[in-house]
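What follows draws every value from the coordinates through simple rules; no lab data is involved. These numbers were taken from a predicted model, which means no experiment stands behind them. Cβ coordinates were reconstructed from backbone atoms using ideal geometry, including for glycine residues, and neighbour counts include every protein chain displayed.
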Amino acid sequence: MSDNREPIGGVDPTVRPFVEFWSSYITQANDATRRLLEGLNGNADAKTWQRHWFEAVSRSLDAYMRSPAFLQTMRENTDLLVKAKRQADDLAAEIARNANIPTATDISGLFERLHSVEEVILARLGQIEERLSAIEQRPGVGQEAGT
């Protein structure tokens, strides 16, 4: 492969970073393959060849995944996925609202209200039990008339 990095013909400026990235990637892959083949002698065993191959692939993938173009693309894809998720959630909430279907937030709010009502009722029952105990402990209350 030629070391001439000038594109043949005119390359669109928006495509140029991808062309440069892939050109660099192919050059690195060729260099790694050349080093791999130079490192192998005629009587190398399969394990050595496999280890060299895995090392070359590892270096190649590491260089690719650390490249600014790849990282920028991953960031943009992640941002788009988050945006799509938010839009889907908003759409689901709107559909549920229009169809009068309770959402998880509605059910959670209802549960919290029921829990607070339960606490109030239990507190009142505790007060009633205390009053009943106080009434039962008064002399003459709760005893039969003839005893």
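Checking each residue in the stretch 51-104 for being surrounded by 10 or more Cβ atoms within 10 Å (Cβ to Cβ), free of Cβ contacts under 8 Å to residues at least 12 places away in the same chain and among the polar types (S, T, N, Q) picks out SER58, GLN72, THR73, ASN77, THR78, GLN87, THR103. Listed conditions (1) assigned to a helix (DSSP H, G or I); (2) surrounded by 10 or more Cβ atoms within 10 Å (Cβ to Cβ) are all met by SER133, apart from (2).
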